[in-house]
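A.B. asks: The structure under discussion is supplied below as structure tokens; questions concerning it will follow.
The values are calculated or read from the model by the stated rules, or taken from the named source; none is laboratory data. This is a predicted model, so every value here is computed, not measured. Here the Cβ positions follow ideal geometry from the backbone for every residue, glycine too, while neighbour counts run over all protein chains shown. To get the accessible areas, we keep the full protein, side chains included, count just its heavy atoms, and leave off ligands, DNA and RNA. Shrake-Rupley method; radii C 1.70, N 1.55, O 1.52, S 1.80 Å.
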Amino acid sequence: MKFVDEYRDPVAARRLVAHVTDLAGDDHFKFMEVCGGHTHTIYRHGIEHVLPESVELVHGPGCPVCVIPMGRVDDAIAIAETPGVIFTSFGDMMRVPGGNGSLLGAKARGADVRFVYSPLDALRIAVDHPDRNVVFFAVGFETTAPSTAVTLLHARELGLTNFHVFSNHVTIVPPIKAILESPDLRLDGFLGPGHVSTVVGNRPYRFVCDTYHKPLVTAGFEPLDILQAIAMLLTQIREGRCEIENQYTRVVRDEGNPRALKILAEVFELRPHFEWRGLGFISQSALRLRPEFAAFDAELHYKVPGVRVADPKACQCGEVLKGVIKPWECKVFGTACTPETPIGTCMVSSEGACAAYYNFGRLHREAAVTLGRSRTQSEVLV
Amino acid sequence: MCLGIPGRVVTVDPDNAHLARVDVNGVGRTINIGLLEDERVEPGDWVLIHVGFAMSKIDEAEARLALASLQMMGGSFTDEVEALMTSPSSAINR
Ligand code: SF4
């Protein structure tokens, strides 16, 4: 466990926390972690409790399951309930509530809804069932979209006519922009997403410093990665710099994965606009199949209601996704809304802020109270 | 669904350079390495696997870290690895 110890070393963590505390001084800083994977790490390791009060982390919209609006789930259900269809989806998406229940509910009513791990699994099902129509519910940021694109290229090569993709792929830059434009949030910088950046690289984030004059540091998923990225953000601010930096050089290259980007561009094009749960319509923020792939486009092949469905009144996912409120500040958090019976999407995926906080948050609050915040800060970091 | 799972390349399919046999936490399976076509993927390399595709080459240190983090996640890790293991996608050839 040599490497692991290195990245979870309590002494190093303490040193970094002290450094962050020094850098922050008496000022108050608010940084957003864009990526759901970071949210998970932050709650899992109790990072909020080892940070000084002067540094506040807010959770962003980077959980692909969380941002799919109710109306799209209803569209998916309508396709799934079309006679003869085998509807395939990643596991997390099956539990996401729409206005008309979830895909799991549709399955219980008799629709042939199947869980797949990979879009290639959906393709495999189409090959094996030439007499059925197979639809893949594609969700995810640029991390996942290239895999769907490669799958569509395969489908075309195989000449399949019974395979369709219901694309809900979204792109990472527009929501960051929407958040920067949002009047109810004052941020001092961003922890840039780790895995999406393996595909898009660091260049697309330049507007964050060029236009909005905020620093962004792409970060890894270990506790020390997060702490180090925070120190890098604060250092930039203290030195009067504003740049896009990469803390996660172990995995992320500045240019991203050019091949994946090329395949993406070959298969997908930007939609003029797409609705995000809680964030509303964001222009050019999602991907649809290019006209050359129209034969595989579920939206052209099936009658989808395409109705906009308002989030339930009680649900405050939008505010959570924009970082305006913390998960536990939502009125139904942990009572009406739990991972077993989610009202909102943020409670479904383990990367959703509400689920992450539900699973780990209380634990760390208790730990912090018992241990005493200042003395044994880093012990929460295990 | 956003988890990346590290695997170590055992062999690259001699008939299809887009497929590789990898070892994931002690179990073998086939994944698609087409997205890494511009980099040489060779036996012994570590890759980060996402929905059946290698997303990037990583070094051993990162692989061990990712594995350790995933194991700590408990349920979602076991679900993800099990899903990867039982996924039939490897049978699709290009
Ligand atoms: S507790 Fe439930 S309804 Fe409230 S913001 Fe979180 S997921 Fe949405």
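A.B. asks: Enumerate by residue number the GluC sites (Glu not before Pro) in the range A:1-99 meeting two conditions: DSSP loop (anything except H, G, I, E, B), and at most 13 other Cβ atoms within 10 Å of the site's Cβ.
C.D. replies: Within the range A:1-99, the qualifying GluC sites (Glu not before Pro) (loop, at most 13 other Cβ atoms within 10 Å) are A:GLU53.
A.B. asks: Amide H of A:VAL58 versus every other amide H placed in the peptide plane: which residues, excluding those fewer than 5 positions away on the same chain, fall under 5 Å?
C.D. replies: When sequence neighbours closer than 5 places are left aside, the close amide H contacts are A:PHE31, A:MET32, A:GLU33.
A.B. asks: Report the FRET efficiency, 1/(1 + (r/R0)^6), for A:ASP22 and A:CYS242, where r is their Cβ-Cβ distance and R0 is 22 Å, rounded to 0.05.
C.D. replies: Efficiency, rounded to the nearest 0.05: 0.60.
A.B. asks: Put a dot 7 Å past each Cα toward the Cβ at B:ARG40 and A:LYS30; how far apart are the dots in nm?
C.D. replies: Going from the A:LYS30 label point to the B:ARG40 one covers 5.1 nm.
A.B. asks: Counting Lys and Arg as +1 and Asp and Glu as -1, each charge on the Cβ, what is the dipole of the protein assembly as shown about the Cα centre in debye, to the nearest 20?
C.D. replies: So the magnitude is around 680 debye.
A.B. asks: At a cut-off of 50 Å², which residues of the range A:252-272 become less accessible once all protein chains are present than in their chain alone, using a 1.4 Å probe?
C.D. replies: Listed in order, they are A:ARG253, A:ASN257, A:ARG259.
A.B. asks: Please compute the net charge surrounding B:THR11, taking Lys and Arg as +1 and Asp and Glu as -1 over other residues with Cβ under 13 Å from its Cβ.
C.D. replies: So the environment of B:THR11 carries a net charge of -2.
A.B. asks: Return the equivalent ellipsoid semi-axes of the range A:137-200 as a descending list in whole Å, where each equals the square root of 5 times an eigenvalue of the C-alpha gyration tensor. If you can, show how the numbers build up before the last one.
C.D. replies: Working: eigenvalues 221, 33, 8 Å².
Three semi-axes, in Å: 33, 13, 6.
A.B. asks: Right, something else. Quick one: Karplus J couplings for the range A:14-24, per residue in order, coefficients 6.51, -1.76, 1.60, θ = phi - 60°, nearest Hz, x for Gly and Pro?
C.D. replies: 4, 4, 5, 4, 5, 4, 4, 4, 4, 4, 6
A.B. asks: Could you go through the range A:54-68 in sequence order and give the Karplus-derived ³J(HN,Hα) for each residue, using 6.51 cos²θ - 1.76 cosθ + 1.60 with θ = phi - 60°, rounded to whole Hz, and x for Gly and Pro?
C.D. replies: For the range A:54-68, the Karplus curve yields 6, 10, 10, 9, 10, 8, x, x, x, 10, x, 6, 5, 8, 6 Hz.
A.B. asks: Okay, next question. Using just the C-alpha positions of the range A:97-157 as equal point scatterers, what log10 of I(q)/I(0) does the Debye formula give at each q in 0.14 1/Å?
C.D. replies: Summing over Cα pairs of the range A:97-157 leads to -0.48.
A.B. asks: Continuing with the same structure: Report the paramagnetic label zone for A:ARG15: residues of the range A:215-231 whose backbone N is under 18 Å from a point 7 Å from Cα along the Cα-to-Cβ axis.
C.D. replies: Under 18 Å, as judged by backbone N against the label point of A:ARG15, lie A:222-231 of the range A:215-231.
A.B. asks: Along the Cα→Cβ direction, 7 angstrom out, place labels at A:GLU53 and A:GLN284. What is the inter-label distance in nm?
C.D. replies: Going by the 7 Å Cα→Cβ label model, 4.4 nm.
A.B. asks: Could you tell me the accessible area of A:VAL348 in Å² (1.4 Å probe, neighbours in place), rounded to the nearest ten?
C.D. replies: 10
A.B. asks: Using alpha-carbon positions, what is the distance between the centroids of the range A:244-273 and the range B:10-33, in Å?
C.D. replies: 24
A.B. asks: Could I ask something else about it? Counting each DSSP H run of 4 or more residues in chain A as -39500 (n - 2.57), what helix-only mean residue ellipticity at 222 nm follows after dividing by all residues, to the nearest 500 deg cm²/dmol?
C.D. replies: Helix contribution divided over all residues of chain A: -10500 deg cm²/dmol.
A.B. asks: Right, next: Inside 10 Å of the C-beta atoms of A:109-121, what's the mean count of C-beta atoms belonging to other chains?
C.D. replies: 5
A.B. asks: Would you mind giving the mean number of other chain beta-carbons within 10 Å of the Cβ of each residue in A:78-91, as a whole number? Intermediate results must be reported in sequence, preceding the final value.
C.D. replies: Values: counts 0, 0, 0, 0, 0, 0, 0, 0, 0, 0, 0, 1, 4, 5.
Shielding by partners across A:78-91 averages 1.
A.B. asks: Let me understand the protein assembly as shown better: what is its radius of gyration from the alpha carbons, and its Dmax, in angstrom?
C.D. replies: Computed over the Cα atoms of the protein assembly as shown, radius of gyration and Dmax are 21.5, 68 Å.
A.B. asks: Under a plain spin-label model, where a point goes 7 Å from the Cα along Cα-to-Cβ, how far apart in nm are A:ARG206 and A:GLU329?
C.D. replies: 3.5
A.B. asks: May I ask what percent, to the nearest 5, of DSSP beta bridges between residues of the protein assembly as shown are antiparallel?
C.D. replies: Percentage antiparallel, nearest 5: 45.
A.B. asks: Please find the FRET efficiency linking A:GLU292 to A:ASP184, where r is the Cβ-Cβ separation and R0 is fixed at 60 Å, and quote it to the nearest 0.05. Don't skip to the end; give the middle numbers.
C.D. replies: Numbers: r = 41 Å, r/R0 = 0.69.
FRET efficiency, A:GLU292 to A:ASP184: 0.90.
A.B. asks: Over chain A, what is the relative contact order in whole percent, taking alpha-carbon pairs under 8 Å and six or more residues apart? Numbers along the way, then the final one.
C.D. replies: Working: 750 pairs, mean separation 94.3, N = 382.
Averaging sequence separation for qualifying contacts and normalising by length gives 25 percent for chain A.
A.B. asks: Further question on the same structure: Report the number of Lys pairs in the protein assembly as shown whose alpha-carbons are under 16 Å apart, with separation of 8 or more residues or on distinct chains.
C.D. replies: So the count of such lysine pairs works out to 6.
A.B. asks: Is there a simple number for the mean count of other chain Cβ atoms within 10 Å of the Cβ of residues in A:136-147, and what is it?
C.D. replies: 3
A.B. asks: Next question, about the same structure. Can you grab the distance from the C-alpha centre of the range A:138-191 to the C-alpha centre of the range A:38-114, Å, no decimals?
C.D. replies: For the range A:138-191 versus the range A:38-114, the Cα centre distance is 14 Å.
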